[in-house]
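Since the structure comes first, as structure tokens, the remarks are kept for the end.
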Amino acid sequence: MTLHGRYIELWVEAREGKAAVNPIMRALLGALEQAGARTAVRVPEREIIDPMRLTRESPPDLVLLKSATTLALALAVADEAHGARFLNGALATLRAHDKAATVARLAAAGLPTPPTWLRGMTHAPAELPCESSGGWVVKPVRGVHGRGVTNHATLAEALAIPAEPGVSHGYVVDDGTRLLQCRIGGDEPDLKVYVAGERIFAGRKRFSADSYASNAIEPLRLDARVAEIVLAAGAALDLRCFGVDLRVERDRPVIIDANPFPGYRGFPDAVDALLGEIERRLEEDR
């Protein structure tokens with residue numbers, strides 16, 4: 001199928017006053033334009049948008065939904081209801097950005113996840129079982145780029161984190177609900193795996209407050225067991241372009257996070273894989 005004449009939008013967040021288009025996404029837009037497609041980058045927070053507009057006008061041929069903001073996700077769900085096509089479904093993307101729901105869906109599919117509890121505003125119990133020697137991690141249920149994630153040696157330290165709404169970053173709403181998880185793998189680097197259709201890209205990267213913006217990663221080849229877990233995660237979350245972070249506990253890989261549209265940083269070959277997925281998605285509804 002040709003991409004010539006197709007109109008494709010990339011929805012992203014704003015960062016430091018600019019649309020957050022990383023090098024891989026920039027290369028993808030360039031490849032689309034070289035193939036004859038028209039492209040546009042949109043930051044929904046910078047617009048005043050009528051969610052019913054698609055009842056009067058034609059939608060783009062395809063939207064690449066890379067934004068995790070509350071507004072972008074709500075708009076995407078509305079647009080999908082009116083016939084817009086997304087590379088990953090808008091509803092599937094919205095669900096995947098809920099870390100509690102994602103853990104539950106992965107666990108229900110029989111995939112390895114950390115022992116996890118939800119904490120709201122009420123008093124939490126003083127004892128929770130955790131066999132990991134790595135301590136505890138606290139995460140916002142809605143969060144991006146590792147913001148609000150804290151590590152703690154003991155459960156008491158983890159519970160001392162106030163259960164209250166946090167500061168919203170990039171228009172992602174934090175209502176104060178927290179995940180308490182056994183910290184898998186201690187201080188080892190994350191095993192980051194990115195998938196685009198049938199293509200898998202994997203490497204090791206050490207987590208930090210700004211690691212999401214780094215292109216540096218140590219590529220590696222996944223063994224068949226881990227690759228099977230990763231692809232099963234995508235099926236459980238109804239995603240074809242996605243990322244998962246894993247760590248190993250007692251020689252057992254565990255999924256510690258999922259991303260419905262990662263940046264594929266450090267893997268320029270992902271551009272061709274994403275092009276293939278865009279073509280597949282456009283062909284799918286013909």
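Given a Förster distance of 51 Å, report the FRET efficiency between ALA160 and ARG199 from their Cβ-Cβ distance, rounded to the nearest 0.05.
Here the calculated transfer efficiency is 0.75.
Apply 1/(1 + (r/R0)^6) to the Cβ-Cβ distance of ALA104 and ALA81, taking R0 = 25 Å, and write down the FRET efficiency to the nearest 0.05.
0.55
Tell me which of THR113, LEU75, ALA101 sits at the most positive position along the dipole axis of the chain, charges placed on C-beta atoms (Lys, Arg +1; Asp, Glu -1).
LEU75
Please give the solvent-accessible surface of THR70 in Å², to the nearest 10, using a probe radius of 1.4 Å with every protein chain present.
For THR70, the solvent-accessible surface is approximately 60 Å².
Mind checking the per residue accessible area of region 1-157 for me, 1.4 Å probe, whole number of Å²?
47 Å²
Express the carbon and sulfur contribution to the solvent-accessible surface of region 206-260 as a percent, rounded to the nearest whole number, probe 1.4 angstrom.
50 percent
For the chain, list log₁₀ I(q)/I(0) at each q in 0.13 Å⁻¹, using the Debye formula over Cα point scatterers of equal strength and ignoring solvent, two decimals each.
Cα-only, vacuum Debye calculation for the chain: -0.91.
Counting only the heavy atoms of the protein chains, how much of TYR171 is accessible to a 1.4 Å probe, in Å² to the nearest 10?
Here the residue's solvent-accessible area equals roughly 140 Å².
In nm, what is the difference between 0.36 nm times the number of residues separating GLU131 and VAL41 and their Cα-Cα distance?
So the chain would gain 27.8 nm between GLU131 and VAL41.
Give me the extension gain from GLU16 to ALA235: residue separation times 0.36 nm, minus the current Cα-Cα distance, reported in nm with one decimal.
Computed gain between GLU16 and ALA235 is 75.4 nm.
For region 39-127, give the percent of accessible area contributed by carbon and sulfur heavy atoms, probe 1.4 Å, rounded to a whole number.
The value for region 39-127 is 59 percent carbon and sulfur by accessible area.
Within region 1-87, what percent of beta bridges assigned by DSSP are antiparallel, to the nearest 5?
15 percent
What is the gain in length, in nm to one decimal, between ALA227 and HIS4 on full extension, counting 0.36 nm per residue of separation less the C-alpha to C-alpha distance?
Fully extending the segment from ALA227 to HIS4 adds 76.9 nm.
Using the Cα centre of the chain as origin and beta-carbon charges of +1 (Lys, Arg) and -1 (Asp, Glu), tell me which of ILE24, PHE207, GLY176 is placed farthest towards the positive end of the dipole.
ILE24
Where does the chain land at 222 nm, in deg cm²/dmol rounded to the nearest 500, when only DSSP H runs of n ≥ 4 count, each adding -39500 (n - 2.57), divided by all residues? Before the final figure, lay out each step's value.
On the way: 7 runs with 75 residues, N = 286.
For the chain, the value works out to -8000 deg cm²/dmol.
Compute all pairwise cysteine Cβ distances in the chain, then list the cysteines with no distance under 4.7 Å to another cysteine.
Those would be CYS241, since no other cysteine Cβ in the chain comes under 4.7 Å of theirs.
Report the relative contact order of the chain, percent, no decimals, based on alpha-carbon pairs under 8 angstrom and at least 6 residues apart.
That works out to 20 percent.
The values are calculated or read from the model by the stated rules, or taken from the named source; none is laboratory data. Source: prediction; values computed, not measured. Because the Cβ atoms are built from the backbone with ideal geometry, glycine has one as well, and the counts that use them run over all protein chains shown. Accessible surface areas use protein heavy atoms only, side chains included; no ligands, DNA or RNA. Shrake-Rupley method; radii C 1.70, N 1.55, O 1.52, S 1.80 Å.
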